[in-house]
Amino acid sequence: MPSISIRSIEILLKKAGCKRISVESCEVLRNYLENVALNLGQKSWIYTKHAKRRTLMKEDVLLAIESLK
C-alpha cells in the first residue's frame, strides 16, 4: 500500500503550476518519490548505525542527501 496519497501528489503538482493532472501521472510520480524516500531512508540509517546511534538524526539525512548528489 502506498504511503503517499494521490491527493498529496495533486496538491504538489498544482503548487508547481499544473492545471490539469491525470491520475496516472500522479501514480507515476508517487512511485518515484516513494522509491527516492526509501533509498534516502536506507542511506540515512547507514549513517546512523555508523555513528553507533539508534536514533536517526537530521545530520544523517543531510549526509545521505549529499551522497546522492
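One table, with the values for the structure above:
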quantity: Helices (runs of 4 or more DSSP H) wholly inside the chain containing at least 2 residues that are exposed (fewer than 10 other Cβ atoms within 10 Å of the Cβ) and free of Cβ contacts under 8 Å to residues at least 12 places away in the same chain; calculated: 6-15, 58-68
quantity: All positions within the range 14-38 that are on the phi < 0 side of the Ramachandran plot and more than 15 Å from the chain's Cα centre (by Cα); calculated: Lys14, Lys15, Ala16, Cys18, Lys19, Arg20, Ile21, Ser22, Val23, Glu24, Ser25
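Every read-out reported here was derived from the displayed coordinates using simple, explicitly stated rules and does not represent laboratory data. Model, not experiment: these values are computed from the prediction. Every residue, glycine as well, gets a Cβ built from its backbone with ideal geometry; the counts of neighbours run over all protein chains shown.
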